[in-house]
Amino acid sequence: MKIFLALIARDLTLAIRQGGGVGMALGFFLAVMVLLPLGIGPDLKLLQRIAPGALWITLLLSVLLSADRIFQPDDDDGSLELFSLGLMPMELVALAKAIAHWITTGLPLAIAAPALGVLLNLDSSLFLPLLAAMGLGSMALSLLATIGAAVTVGLKRGGLILSLLILPLYVPVLIFGVAATAGQNAMPGVFGSSLLILLAIALACLVLAPAASAALLRAHMK
Amino acid sequence: MRLIADKIDCERGGRRVFSDLSFTLGSGEGLLLTGANGSGKTSLLRLIAGLGDPAGGTFSIDGMDDDLAIGQRSHYVAHRNALKTALSVEENLAFWAKFMGASDVAAGIERGLGLFNLDHLASYSAGLLSQGQARRLALSRLELVARPIWLLDEPSVGLDEASCKQLAAAMNSHMDKGGLLIATTHTGLGVSFTKTIDMSEGA
Amino acid sequence: MQKYANPTRFYALSGKVLPWLAAATLLAFAVGLYLALVKAPQDYQQGETVRIMFVHVPAAWMAMFCYSTIALASAIGLVWRHPLADVAAKCAAPIGASFTFLALVTGSLWGKPMWGTWWVWDARLTSVFVLFLLYLGYMAIWQAIEEPLRAARVAAIVALVGFVNVPIIKFSVDWWNSLHQPASVLRMDGPAIHMDLLAPLLVMGLAYTLLFFTLHLIAIRSEITRRRIRVIELAEVQG
C-alpha cells in the first residue's frame, strides 16, 4: 500500500511541477465549448438541449488527449522496466497510474464541467448530477485509457491508434453518463439507475483495466 | 544463494542472438560479460531480470526459501537512468527507495547519496545535472535497499576516473558481503571478476 | 533604447520606477472607483448594474492591449534577439489572461440582469473568449519547452500568428453573430455614450493600464531573478 501511494504521489508531484496535463485538458475543454455554438448557432434553447451530450463528448476527447502520456514518459526514461522489478505487481502499478491520471485530468474536468455548463445554458438543477456522473464516469475513462496507453506505449504514431482503440470502449460510459445528466424531464425513470450503472461500469473497469494494462505492459517489455 | 542459467537461448527479432549459454554464479562471485555490440550482453541481463522470456532454457535460484522472482532480488541499472528531471535528486532517490520497499527510506537515501558523494546536490533539481552526475545518481539506487543480485549494463559509461573508482569499491564491497554481480563493459571496471563470458564466441 | 534593455540596468531602473508606478495606480483606482461607483448616474434602463461596465469594459480593453504588447515584444525579440523582449512577452501573458478572464466573468455577471442568463454567445463575448484561448495556448508553449531561448522563438512566432488572426477571428465572429441575431443588445461604443459615464470609464481605463505596467514590471523582475537563480544553480551543481 505504501508503494502504491508513493507512485501516485510521485505522479501527482510531476503533474503539478511540469504543468501540462491539467491545464491542457482544461484548455481543450474550453476550446471545444467555444467551437460548439460557433458551429451550431447561439440559440440558447438548442444549446441547452445538447449541453449534457456536448459536455460528455468533450470530456471523452479531453481524457483521450492526455492518455498517451500515461506510460510514455516512464517508458522513455526506463522507469517502466524498473516498475516490473519492484515488489508491487504490474496490475497495481497500472491502477496507480490510472488513479493519478484521473486525479489530474478527469476529476478537475468534472469539477469544471458545471461552470462550462453555464456557457451552454445548462439547467442549474443538473449541476449536481453532472458533477456526480462525470466524477464517476471519468474514473472509468481514465482506467480504460490506461489500456490504450499500454497498447501504444513505445509506438511512433500511438496517438491515432489510441483514439481508434479507446473511443469504442467509451460508448457505455457516454450513454449512461448522458442519461444520468440529462435530467428527469428528458428521460424519466432512468436518471437514478443510470448513475448506478455508471458506478457498476467504473467498478468493473477498476478490476479489469489494470489486469489488461499489466498484461500489455509485460508484453511490451519482452 | 546461487543463480543458475541453464542452456539459455535468446532470439531477438527472429534472429538467434546466442544459444546454449549456461553458467552458475554463487554468493560473492562476479560475472563479466564482454563482446561486440549486438552480441547479446544487454539481452542476457534483461532475460536474467525477467524483462523477457528466453527462447529456450531456464534461470533459477537455489538456497532461498521465499518465492520472489529473480528480478525482485535484483538491482538493474540499464542505459537509461530512470530519473525525473522535475524532481530533486533526493526526491528521485526517495521514490525509488519507497518503490523498492525500503524499510528505512531516510537511511537508504543517505547511503545512496554517500556512494558518489552527491550529498551537496540533494536538494537540487535532477534536471540541472550533467550526464555524468545523472549516471551517478542512477547508480546510487544500488544502495537504497539491499538486493543480492546486481545487474549492471555498462555502468561506467560517462563516469570520470574518481567515480569509476567509487563504483568499483561499491561493487567489491557488494561481493564481499556475499552479493552476486553481473556486469557488461567495453572498458574494464577495475574489479576482479570470478568469471568472464565473451558473448561474441557463442554467436 | 539599447541602453535600458540591458537586464541589469533594467533591473536597477525598474526598481526605482516601481514605487511611483504603484502609487499612481492606487491613486487612479481611487479616483476611478469614486467616479464610477459614487458619482456616475444610474442608467435609466439598467439601473445600478450599469456600474459593472466600469470594471468590465477596461478589462476587455486590457485583454487586447496585453496581447498587442506580447505581439510587439515578440516581434522585437525575433528581430533583435533581445532576451529582455522575450521576458517581457512571457510576463505579459498571465496578466493579460487574467484581464481577459475578468472581462469574461464580469461580462457574464452583467449578462444575468440584462439577458436573464449568465451567458449569451454574443459576438463580443465570443471574441474575447477566443482571445482567452489564444492566451492559454501561448502560455502552454512557455511551459512545454524547457530551454528558454527555444521557447522564446517558438512562443514569439505563435504570438504573432495569433495576433494576425485576431482581426480575422473578430470579423468572422461578428459575421456569424449577425447571421443569428441582427443587432447586439448592448451598444456602448461611438459617441452615443454620455459624458458622465465616459469620464469614469476613461479614468478606470487609465487605472487598469497603470496596473498592468506595475504588474508587468514586477513579473519581469521576478523572471530575471528566476533565470539568474537557475544559472547560479547550474554553475553550482555542475561545478
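For this structure, a couple of remarks:
- The share of alpha-carbon pairs in chain C lying farther apart than 34 Å comes to 25%.
- Whole-number D in µm² s⁻¹ for the range C:133-180, Kirkwood Cα-pair radius fed into Stokes-Einstein, 25 °C, 0.890 mPa s: 205
- Charge dipole of the protein assembly as shown about the Cα centre (unit charges at C-beta), most positive-ward option of C:Trp142, A:Gly106, B:Gly63: C:Trp142
- Note on surface exposure: B:Thr85, C:Thr214 rank B:Thr85, C:Thr214 by accessible area, highest first, 1.4 Å probe.
- Within the accessible surface of the range B:2-201, defined with a 1.4 Å probe on protein heavy atoms only, the carbon and sulfur portion equals 47 percent.
- Cα-based Kirkwood hydrodynamic radius, the range A:22-134, one decimal, Å: 15.6
- Placing +1 on the Cβ of every Lys and Arg and -1 on the Cβ of every Asp and Glu, with nothing else charged, gives chain B a dipole about its Cα centre of roughly 400 debye.
- The separation of the range C:113-144 from the range B:21-50, counted between C-alpha centres, amounts to 60 Å.
- Accessible area buried between chains A and B, both sides summed, probe 1.4 Å, in Å² to nearest 100: 2400
- Cα radius of gyration and Dmax for the protein assembly as shown (Å): 30.5, 97
- Summed over both chains, the contact between C and A buries some 1400 Å² of accessible surface at a probe radius of 1.4 Å.
- The angle separating the long axis of helix C:52-80 from the principal Cα axis of greatest extent in chain C is about 30 degrees.
- 0 to 90° range, to nearest 10: angle between helix C:7-34 axis and chain C longest Cα axis: 10
- Percentage relative contact order, the range B:2-201, counting C-alpha pairs under 8 Å, at least six apart: 31
- Net charge contributed by nearby residues that have their C-beta within less than 9 Å of B:Thr184 (K/R +1, D/E -1): -1
- Taking all protein chains together and a 1.4 Å probe, the residues A:Ile197, A:Ile175 rank A:Ile175, A:Ile197 from largest to smallest accessible area.
- Computed 3J(HN,Hα) for the range C:81-91, one whole-Hz value per residue from the Karplus formula 6.51 cos²θ - 1.76 cosθ + 1.60 where θ = phi - 60°, is 6, 9, x, 5, 5, 4, 4, 4, 5, 4, 6, glycine and proline marked x.
- With eigenvalues of the C-alpha gyration tensor scaled by 5 and rooted, the range A:109-168, Å: 31, 12, 8
- To put it simply, the accessible area of chain A at a 1.4 Å probe is 73 percent carbon and sulfur.
- Reach of C:Lys90 by Cα under 26 Å, taken over lysines that are not fewer than 8 positions away in the same chain: B:Lys84, C:Lys3, C:Lys16, C:Lys170
- Estimated FRET transfer efficiency when R0 is 56 angstrom, pair C:Leu160-B:Thr196 (beta carbons, to 0.05): 0.35
- Interface burial for C against B (accessible surface, 1.4 Å probe, total of both chains, Å², rounded to 100): 700
- Per residue, the average separation of C-alpha pairs within less than 8 Å and at least 6 apart gives chain A a relative contact order of 26 percent.
- Helix A:107-119 axis versus longest C-alpha principal axis of chain A: approximately 20°, rounded to the nearest ten.
- B:Asp6 contributes an accessible area of around 70 Å² to the protein surface, as traced by a 1.4 Å probe with all chains present.
- Dividing the summed helix terms, -39500 (n - 2.57) for each DSSP H run of n ≥ 4, by the number of residues in chain B produces a 222 nm estimate of -9000 deg cm²/dmol to the nearest 500.
- Chain C: relative contact order as a whole-number percent, Cα under 8 Å and 6+ apart: 33
- Proximity of backbone amide H atoms, modeled 1.01 Å from N, is registered between B:Gly57 and B:Asp9 at under 5 Å, excluding neighbours fewer than 5 places apart on the same chain.
- Size descriptor, Kirkwood hydrodynamic radius, that averages inverse alpha-carbon separations across the range B:53-179, Å: 15.4
- Per-residue shielding of B:90-96, expressed as the average number of other chain Cβ atoms within 10 Å of the residue Cβ, stands at 3.
- Base-10 log of normalised Debye intensity for the range A:89-222 (one unit scatterer per alpha-carbon) at q = 0.15 Å⁻¹: -0.74
- Net length gained if the chain between B:Ala107 and B:Ala36 were fully extended (0.36 nm per residue, minus Cα distance): 21.6 nm
- Accessible-area order (highest first, 1.4 angstrom probe) of the listed residues A:Asp68, C:Asp122: A:Asp68, C:Asp122
- Placed amide H near B:Tyr76: partners under 5 Å, 5+ positions off or other chain: B:Leu151
- Here the label points at B:Ser130 and C:Leu198, each 7 Å from Cα along the C-beta direction, are separated by 6.7 nm in the simple model.
- For A:Cys205, the solvent-accessible surface computed with a 1.4 Å probe is close to 10 Å², ligands and nucleic acids excluded.
- Residue of A:Thr104, A:Thr152, A:Thr13 that the Gaussian network model of chain A assigns the largest fluctuation, springs spanning Cα pairs under 10 Å: A:Thr13
- Where both bridge residues fall in the range B:2-201, DSSP classifies roughly 45% of the beta bridges as antiparallel.
- Karplus-derived 3J(HN,Hα) values for the range A:158-168, using 6.51 cos²θ - 1.76 cosθ + 1.60 with θ = phi - 60°, are x, x, 5, 4, 4, 4, 5, 6, 8, 4, x Hz; glycine and proline are entered as x.
- Spatially proximal lysines relative to A:Lys156 (Cα-Cα < 20 Å; intrachain offsets below 8 disregarded): A:Lys222
- Area accessible to solvent at C:Leu202, 1.4 Å probe radius, in Å²: 100
- Qualifying lysines (Cα of each under 17 Å from Cα of A:Lys45; at least 8 residues distant if same chain): C:Lys112
The values are calculated or read from the model by the stated rules, or taken from the named source; none is laboratory data. As the structure is a prediction and not an experimental result, all values here were calculated from the model. Neighbour counts run over all protein chains shown; Cβ positions are idealised from the backbone, glycine included. Note: accessible area is taken over every heavy atom of the protein model, side chains too, but ligands, DNA and RNA are not part of it. Shrake-Rupley method; radii C 1.70, N 1.55, O 1.52, S 1.80 Å.
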